[in-house]
1. Net charge within 13 Å of Leu88 by Cβ-Cβ distance, Lys/Arg positive one each and Asp/Glu negative one each, not counting Leu88 itself?
2. Which log10 I(q)/I(0) values, to two decimals, does the chain give at q = 0.16, 0.19 Å⁻¹ under the Debye formula with one point per Cα?
3. Between the stretch 83-117 and the stretch 1-68, what's the alpha-carbon centroid distance in Å?
4. Can you compute 3J(HN,Hα) from phi for each residue in the stretch 6-22, using the Karplus curve 6.51 cos²θ - 1.76 cosθ + 1.60 with θ = phi - 60°, rounded to whole Hz and x for Gly and Pro?
5. Kindly write out, for the stretch 119-135 in residue order, the coupling ³J(HN,Hα) from the Karplus curve 6.51 cos²θ - 1.76 cosθ + 1.60 (θ = phi - 60°), rounded to whole Hz, with x marking Gly and Pro.
6. For the stretch 7-50, what is the convex hull volume of its Cα atoms per residue in Å³?
7. Quick one: helix 77-100 against the long Cα principal axis of the chain, what's the angle to the nearest 10°, folded into 0 to 90?
8. May I ask you to compute the full-extension gain from Leu101 to Glu136, defined as 0.36 nm times their residue separation minus their alpha-carbon distance, rounded to one decimal in nm?
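Taken together, the values in this text are just the output of simple stated rules run on the coordinates, not laboratory data. A quick note: this is a predicted structure, and the numbers were derived from the prediction, not measured. Counting neighbours? That spans all protein chains shown, and the Cβs are built from the backbone with ideal geometry, glycine included.
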Amino acid sequence: MTDKANLRLWMVRVLIGIVTAWNLQAAFTFMFTPGAYVAGFELNGLAGETAIRGTGVLFFMWNLPYLVALWHPHRYRLALNLSLAMQLVGVLDESLIFFGLPPEHIILRTSLLRFISFDAAGLILLAISVWMMRHENN
């Protein structure tokens, strides 16, 4: 592997790593401190905490392809492409949920805007990663 190719590989890993770290941080935070987030989703009590914990588990599951892509984005391009597609689905679906909420749900809408912003930033970083892997011979 040339120095240029090795540098590109590590740059892609850093980009994927940033998105993966953000997502895993959210997953673990939701799983282990759900009480801090129930109000932001207009939930409460044990049922609310359980829903937040479940969301954390889903975030963790969602990140398995990201971890494979992080390990070796060149060898596991499919995992990288799936991660990009999953990130896009997240942004689009969160946006649909947001625009379907009545305006009076300010706290819930604010929480969803944070998710949309967070996932849109991740989408951009993953798109750059995919682009860099597709143009690795240039």
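1. Once all neighbours under 13 Å are counted, the net charge is -3.
2. So the normalised log intensities are -0.83, -1.05.
3. Cα centroid to Cα centroid, the span is 16 Å.
4. 5, 4, 4, 4, 6, 5, 5, 4, 4, 4, 5, x, 4, 5, 5, 4, 4
5. 6, 5, 4, x, 4, 4, 5, 5, 4, 4, 4, 4, 4, 5, 5, 6, 10
6. 61
7. That works out to roughly 30 degrees.
8. 8.3 nm
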